[in-house]
Structures are given as C-alpha cells and as structure tokens.
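**Student:** The structure under discussion is supplied below as structure tokens; questions concerning it will follow.
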Amino acid sequence: MRKAAWLIFFVLLCLPVTAAAGHLEPARDVPIPVQNPQTAAKVELGKKLFFDRRLSGDGTMNCGTCHDPGQGFSDGLDISLNYPTTRNWRNSPTLINVAFQKYLFHDGRAATLEEQALFPMMSAFEMNQNLDFMEEEIRTVPEYVAEFTEVFGDGDVTRERIAMAIAAFERTLISLDAPLDRFLAGDSSALSPQALKGYEIFTGKGKCSECHFGVNLADDRFHVLHVQENPEHLKDPRIAATRRFVAKVYHFEEYRTLAEDPGRYLITKDRKDWKAFKTPTLREIAGTAPYMHNGIYATLAEVIEFFNAGGGMGNPVLKPLRLTSLEKEELRVFLEQGLTGAPITFVHPKIP
Amino acid sequence: MAAGPTVKQILRTYPGKIRLVIKNYPYKYRDFARIAAEASLAARDQGKYWEMHDILITRSPKLDRASLISYAGELGLDVKTFTESIDNSRHAKEIDRDLQLAESIDLYNTPTFYINGRQVVGERPFDYFKKIIDEQLNKTAR
C-alpha cells in the first residue's frame with residue numbers, strides 16, 4: 001500500500017508543469033513588464049521605429065519588411081525576406097499575440113520582446129545594422145529626440161530605449177474577438193456547426209490542444225517533430241552561409257559542415273533539443289501561411305496531413321491520428337474561421 | 001534564384017491578359033548593378049532583353065564591363081553597338097527615372113511587384129501570383 005502511495009506521488013511529480021494543457025482561454029489583457037510600462041506616446045514612437053529603414057545597414061529594410069501588417073505581420077514567404085544579396089533560413093513568425101510569448105524566435109533565444117528586437121537589426125542576413133551607428137543616426141533626427149524626451153524623460157537615444165519602444169508597439173498587436181473567444185465566453189453559436197466539430201477534434205481526437213492551449217494556443221515549449229528540410233534550401237549556398245554563420249555565433253563546433261537546422265540545440269546544447277522548435281501561436285493562423293519554422297507547408301491542409309501522419313520520420317513526439325477526410329476538413333475550418341479575430345486596424349506612421 | 005522563371009510562367013499562363021512593365025532598380029551598394037541595368041537595356045535595343053536578363057542572373061556576381069561585353073557576344077548581339085551603349089550610359093535617364101519612381105513610392109526591396117496596384121514584396125511562388133491575378137481578372141470581367 002505504501003509502495004502504491006509512493007508510486008502515485010512519483011507519477012504526480014512526472015506530470016508536466018503545463019497542467020493547463022488542453023484548456024483553451026479567451027483573449028485577455030496583455031501582460032506588461034513593470035520595467036517597460038505602456039504609454040500611448042511610447043507605442044507611437046515604437047511604431048515609427050518599427051517602420052524606419054534607418055534601422056537597417058543599407059536603408060532598405062525595416063521591421064515591417066518581414067512583419068507586414070498586410071500579411072498578418074509576417075511576410076507570406078516560406079523563409080523570411082533578407083538583407084540584399086543574402087538569404088534568410090527560417091520563416092518569419094507573425095507578431096500577432098507575440099506579447100503572450102515566453103520565448104521569442106523559433107529557437108527561443110530571446111526571453112523578452114525588448115531583448116528580441118535588437119537581434120534582427122544586428123543580423124548579417126536580416127537588417128545588418130551596427131547598433132552604435134544606428135543610435136547616432138536616430139539621434140540626428142530632431143523629431144525623434146523630441147519624442148524620446150517625451151517618452152523617456154530625456155532625449156538620449158539608446159538601443160535599449162529603441163527596443164523598449166518597439167516592444168511596446170508590438171504588445172498592441174493582439175487578436176481579439178475571434179469566434180473561439182466568443183464561444184469560450186459562453187456564446188454557443190459563435191462557431192459554425194462545422195467549426196464546432198473542428199473544435200471538438202482540436203481538443204479531442206486531434207490532440208492539438210495538448211500543445212496549443214491557453215490564451216495564445218501555444219505551450220511556450222519546444223518539440224522535435226522532424227519537419228522535413230526543404231531540399232531547395234539545402235541546395236542554396238546563401239542559405240548554407242546563413243546557417244553556418246548562426247551556428248558559428250552560437251559556438252557550434254562543426255558549423256562549417258552543418259547541413260540542417262539544429263533548432264533549439266544551438267541555444268541550449270542539450271541533445272534533447274536537437275531540431276526542436278517552439279510551438280507557435282495558432283491565433284490568426286489563416287492569415288499567416290506558409291507554416292512551420294521553414295515554411296515548408298503552404299496550406300493548413302498540408303499541416304493537418306503532417307500531424308495526421310504522426311509528424312516527420314522518426315520523431316519521438318507524435319503518433320498517427322487516424323482522422324477521416326471529414327474530420328480533417330472540420331479541423332481546418334475551425335482553424336480558419338474560429339481563430340480569426342476582428343481585423344487589426346492599422347495606420348502606417350509618418351517616419352520623421 | 002530569381003523571379004524571372006515565375007514571371008515567364010505567368011506570361012505563358014495568361015496570354016493576352018497581362019501587361020508586364022519592368023522597372024530598373026539597381027541596388028546602390030553593388031558595384032555592377034548600374035552597368036548591368038544598362039546592359040539589359042542595351043540588349044533590349046537589339047531585341048534580346050530576356051536573354052540578357054537570364055544571363056545576368058545566372059552569371060551574377062560576375063557583372064563587370066568585360067564580362068557583360070562577352071555575354072553580348074554569346075547572345076549574338078552587335079557587340080560594338082552594345083559596348084558603346086553601356087560605355088555612354090545611354091539609358092541613364094530611363095534608369096534614373098525608375099529610381100526616382102521607386103523612391104517616390106517608398107520602395108526599397110527587389111523584386112517588388114505591383115499587380116493592378118497591389119504590392120507584392122519579394123520572390124513568390126507562381127501560385128501566390130496566380131491567386132491575386134485571378135482575383136483581378138475576375139474583378140475586371142464583372
């Protein structure tokens with residue numbers, strides 16, 4: 001008997017900390033870090049900086065190049081746009097609901113939006129800017145100095161403040177009033193009959209909500225699904241250069257011969273993270289194709305096929321779901337209709 | 001990789017339904033971008049724009065003057081006329097006009113497409129264009 005009690009205790013200990021798995025939550029207020037309170041002026045400044053091409057080395061790229069409001073704050077490409085003459089290697093994730101994420105980037109290398117914002121600016125294959133130089137470029141613009149003074153109390157332009165303002169703007173990009181939100185708030189007719197069946201598959205036989213749950217329909221964790229590499233990308237020497245560059249920066253010893261994306265392993269060097277990628281939000285998923293970290297799937301139907309087949313070859317996580325054609329279709333309808341909120345109204349700022 | 005094959009596929013798919021207008025946007029930080037734009041227009045004068053376009057893409061970044069002249073030879077162009085054209089920057093005005101147009105509409109990325117005014121930045125697969133074009137054609141038909 002005592003042994004049984006210990007066994008139960010042990011089993012409890014082994015349960016994942018994400019005890020809320022499977023539990024979906026409607027949209028709610030965004031968490032705001034105490035170090036970077038939201039103000040209207042800061043959000044407006046952040047929006048200007050977000051679309052300012054001064055943030056890139058050659059003045060051709062801004063954050064909105066790859067996070068385009070007209071493309072679901074992504075860029076609609078399999079792999080993200082790039083600094084001229086280079087190529088990126090991963091898909092541009094949507095910024096919608098990014099405020100709810102515990103980790104940023106597909107490999108989770110940043111823990112806050114403030115930290116995240118500076119990476120692409122410095123990245124040789126993205127905005128390729130020198131941050132010391134960028135600070136001076138922004139400081140030469142009187143309108144910016146006035147805005148920094150209003151927002152931060154003095155006119156000093158630092159990379160940290162630039163990142164804070166951009167992060168504040170990004171925290172305003174929230175998916176609201178999706179049929180799922182209304183449904184979870186008690187409106188039983190918010191989902192169409194087909195979408196409702198899809199919802200039941202999502203939370204049941206499809207096992208989607210084991211990882212896609214909470215308000216953001218994600219688990220803030222990393223999983224090894226063995227999504228196939230895109231053979232076209234493996235052949236492109238520019239992408240090889242990018243992959244090896246990132247691996248080198250993260251002190252991966254065999255960076256010169258690296259021929260695939262190691263995912264989170266680059267950050268943790270933990271063997272279990274080899275080819276692990278972050279669970280993405282599913283909010284507004286209909287408007288943010290293509291899908292997966294390398295954009296290999298153009299449609300949700302393809303993504304559903306991938307999961308239905310039990311994921312990529314030899315993956316340790318997924319098992320075949322045996323969904324019927326009808327069930328797959330219902331799931332797709334739920335993802336498309338149920339998770340698409342009211343359009344985010346957006347007015348492009350005037351860059352000083 | 002470049003958008004050329006996709007553009008050609010679009011033209012083949014919609015014969016007589018699409019008008020393609022190409023504007024030059026030589027990247028300001030590349031040594032040979034400007035002379036390569038001149039070369040493509042000099043080839044156009046002799047009826048071989050696409051042939052030169054394709055060779056520029058496949059041989060890039062080898063786009064110095066001597067290479068361009070040798071490509072003109074490969075394509076069977078009148079090399080003397082071609083060389084005079086690029087040496088005298090014969091199409092400078094046209095290229096400058098295109099650059100000004102791009103800057104006036106806050107355009108910085110190549111390739112960028114406009115399909116009846118709808119902006120598409122970057123290379124895209126054929127199906128991406130097809131969806132937009134079909135929408136536009138349906139709208140026009142109505």
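None of the figures in this text is laboratory data; all of them are computed from the coordinates on show. These numbers were taken from a predicted model, which means no experiment stands behind them. Backbone-built Cβ (ideal geometry, glycine too); neighbour counts: all protein chains shown.
**Student:** Which lysines does B:Lys28 reach when only Cα atoms under 22 Å apart count, and residues fewer than 8 places away in its own chain are ignored?
**Tutor:** B:Lys62, B:Lys93
**Student:** Another question about this same structure. Tabulate in residue order the Karplus-calculated ³J(HN,Hα) for the range A:311-325, using 6.51 cos²θ - 1.76 cosθ + 1.60 with θ = phi - 60°, rounded to whole Hz; enter x for Gly and Pro.
**Tutor:** x, x, 3, x, 6, x, 10, 9, 10, x, 9, 6, 7, 7, 4
**Student:** Which ordering of B:Ser67, A:Ser192, B:Ser104, B:Ser40 is given by a fewest-first count of other beta-carbon atoms within 10 Å?
**Tutor:** Taking fewest neighbouring Cβ atoms as first place, the list is B:Ser104, A:Ser192, B:Ser67, B:Ser40.
**Student:** In whole Hz, with x marking every Gly and Pro, tabulate ³J(HN,Hα) for the range B:14-21 from phi via Karplus 6.51 cos²θ - 1.76 cosθ + 1.60, θ = phi - 60°.
**Tutor:** Running phi through 6.51 cos²θ - 1.76 cosθ + 1.60 with θ = phi - 60° gives 10, x, x, 10, 10, 10, 9, 10 Hz.
**Student:** For the protein assembly as shown, what is the calculated [θ] at 222 nm in deg cm²/dmol (nearest 500), taking -39500 (n - 2.57) for each run of four or more DSSP H residues and dividing by its residue count?
**Tutor:** -12000 deg cm²/dmol
**Student:** Here is a follow-up. For the range A:81-90, take each phi angle, set θ = phi - 60°, evaluate the Karplus expression 6.51 cos²θ - 1.76 cosθ + 1.60, and give the result in whole Hz per residue in order, putting x for glycine and proline.
**Tutor:** Calculated HN-Hα couplings, in order: 4, 9, 4, x, 6, 10, 9, 7, 10, 10 Hz.
**Student:** Follow-up. Please rank B:Lys130, A:Lys275, A:Lys350, fewest neighbouring Cβ atoms within 10 Å first, as an exposure proxy.
**Tutor:** The most exposed by this proxy come first: A:Lys350, B:Lys130, A:Lys275.
**Student:** Still on this model: Which whole-number percentage describes the relative contact order of the range A:179-338, with Cα contacts under 8 Å and a sequence gap of 6 or more?
**Tutor:** Dividing the mean separation by the residue count of the range A:179-338 yields 33 percent.
**Student:** Kindly identify the range A:308-352 as rounded, prolate or oblate by the Cα gyration tensor criterion: order the square roots of the eigenvalues as a ≥ b ≥ c, call it rounded if a/c is under 1.5, otherwise compare a/b with b/c, prolate if a/b is larger, else oblate.
**Tutor:** Judged from the Cα gyration tensor, the range A:308-352 comes out oblate (a/c at least 1.5, b/c at or above a/b).
**Student:** Can you tell which of A:Ala117, A:Gln228, A:Val141 lies farthest toward the positive end of the dipole of the protein assembly as shown, using +1 and -1 charges on the Cβ of basic and acidic side chains (Lys, Arg; Asp, Glu)?
**Tutor:** Going by the Cα projections, it comes out as A:Gln228.
**Student:** How far is it, in nm, from the label point at A:Asp156 to the one at B:Glu135 when both lie 7 Å from their Cα along the line to the Cβ?
**Tutor:** Placing both labels 7 Å beyond Cα along the Cβ direction yields 4.7 nm.
**Student:** Can I ask one more? Charges on Cβ only, +1 for Lys and Arg, -1 for Asp and Glu, centred on the Cα centroid of chain B; of B:Gly117, B:Phe32, B:Ile86, which one is farthest towards the dipole's positive end?
**Tutor:** B:Gly117
**Student:** Hey, which lysines would be in cross-link range of A:Lys47, C-alpha to C-alpha under 17 Å, not counting anything within fewer than 8 residues on its own chain?
**Tutor:** Cross-link targets: A:Lys350.
**Student:** Please give me the summed charge of the neighbours of A:Ala342: other residues whose Cβ is under 15 Å from its Cβ, Lys and Arg +1, Asp and Glu -1.
**Tutor:** -2
**Student:** Convex hull over the alpha-carbon atoms of chain A: what's its volume per residue in Å³?
**Tutor:** 166
**Student:** Rounded to the nearest 20 debye, what is the charge dipole size of the protein assembly as shown about its Cα centre when +1 sits on each Lys and Arg Cβ and -1 on each Asp and Glu Cβ?
**Tutor:** Around 1180 debye, computed over the protein assembly as shown.
**Student:** Here is a follow-up. Would you compute, for the Cα atoms of the range A:179-338, the largest minus smallest coordinate along each principal axis and list the three values in descending order, in whole Å?
**Tutor:** Each principal axis gives a Cα extent; for the range A:179-338 these are 56, 27, 27 Å.
**Student:** Determine the sum of side-chain charges near B:Lys48: Lys and Arg each +1, Asp and Glu each -1, restricted to other residues whose C-beta is under 11 angstrom from that of B:Lys48.
**Tutor:** With Lys, Arg at +1 and Asp, Glu at -1, the net is -4.
**Student:** Name the most mobile residue of A:Pro26, A:Pro231, A:Pro316, meaning the one with the largest mean-square fluctuation, in a Gaussian network model of chain A with Cα contacts below 10 Å.
**Tutor:** A:Pro231
**Student:** What's the exposure ranking of A:Cys63, A:Cys211, going from fewest to most Cβ atoms within 10 Å?
**Tutor:** Fewest to most other Cβ atoms nearby, the residues stand as A:Cys211, A:Cys63.
**Student:** Taking +1 at the Cβ of each Lys and Arg and -1 at the Cβ of each Asp and Glu, which of A:Leu191, A:Asn36, A:Pro69 sits farthest along the dipole of the protein assembly as shown towards its positive end, judged by Cα position relative to the Cα centre?
**Tutor:** A:Leu191
**Student:** Further question on the same structure: Return a whole-number percent for the relative contact order of the range B:1-130, with Cα pairs under 8 Å and 6 or more residues apart as the contact set.
**Tutor:** Once normalised by length, the contact order is 29 percent.
**Student:** Report the charge-dipole magnitude of the range B:39-142 in Debye, nearest 20, computed about the Cα centre from +1 at each Lys and Arg Cβ and -1 at each Asp and Glu Cβ.
**Tutor:** That gives a dipole near 300 debye.
**Student:** How large is the charge dipole for the range A:207-251, taken about the Cα centre, if only the Cβ atoms of Lys, Arg (+1) and Asp, Glu (-1) carry charge, to the nearest 20 debye?
**Tutor:** 300
**Student:** Which lysines, on any chain, are close to A:Lys319 with Cα under 30 Å apart, when same-chain ones fewer than 8 places away are left out?
**Tutor:** Leaving aside lysines fewer than 8 places away in the same chain, those within reach of A:Lys319 are A:Lys102, A:Lys197, A:Lys205, A:Lys207, A:Lys269, A:Lys272, A:Lys275, A:Lys278, A:Lys328.
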